[in-house]
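The values are calculated or read from the model by the stated rules, or taken from the named source; none is laboratory data. In this text, all values refer to a predicted model and were calculated from it rather than measured experimentally. Here the Cβ is made from the backbone with ideal geometry for all residues, glycine too, and neighbour counts use every protein chain on show.
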Amino acid sequence: MAVDPWFRGGCPLETTERIRKNQEFKRVYNKGKSVVNRYLVMYYMKNNLPYNRIGFSVSKKVGKSVVRNRVRRLMKETYRLRKIDINNGYDLVFVARVRMNQADYRTVEKSMFHLLKKIRRDKNEKNPN
């Protein structure tokens, strides 16, 4: 019996929704825009697709592998549970800052959606309809 993906409040990340290759990350870093807050840096750019593609980066400055993987899991889970609330058509790369190693789920969630609101504001300023 298959488990309904919506059972836990979100749906799984498909492989097409992920940014995995180094050249894809570099394209978003170089051609995209960035917004920052205390815990995260988010790079974004339009991708002309009907869905978002997302990548996560956690440097060794954040901590050892256990800490880095925990931070990455928190970011992925936050995105997975709330991705239906996010505008489609972007490549997003979230880069964890050093302070993220002490963050809990609520902090990660607030931080990610603070940055995503900035995209919405930027989009609205360009198209004041």
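One table, with the values for the structure above:
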| read-out | value |
| --- | --- |
| Single condition E77 does not satisfy, out of (1) in a loop (DSSP other than H, G, I, E, B); (2) surrounded by 13 or more Cβ atoms within 10 Å (Cβ to Cβ); (3) not basic (K, R) | (1) |
| Residue ID - nearest to Y39 (Cα to Cα), chosen from residues in the stretch 114-129 that are in a helix (DSSP H, G or I) and at pLDDT below 65 | K123 |
| Considering residues of the stretch 35-61 that are exposed (fewer than 14 other Cβ atoms within 10 Å of the Cβ) and of a type in the set (S, T, N, Q) only, the residue farthest from the chain's Cα centre (by Cα) | N48 |
| Residue match in the stretch 18-29 (condition: touching a helix residue (DSSP H, G or I) at 6+ places or on another chain (Cβ under 8 Å), under 23 Å from M100 (Cα atoms), assigned to a helix (DSSP H, G or I) and of a type outside the set (G, A, S)) | no |
| Test result for V66, over 10 Å from the mean Cα position of the chain (by Cα) and either part of a helix (DSSP H, G or I) or loosely packed, with under 15 Cβ neighbours inside 10 Å (or both) | yes |
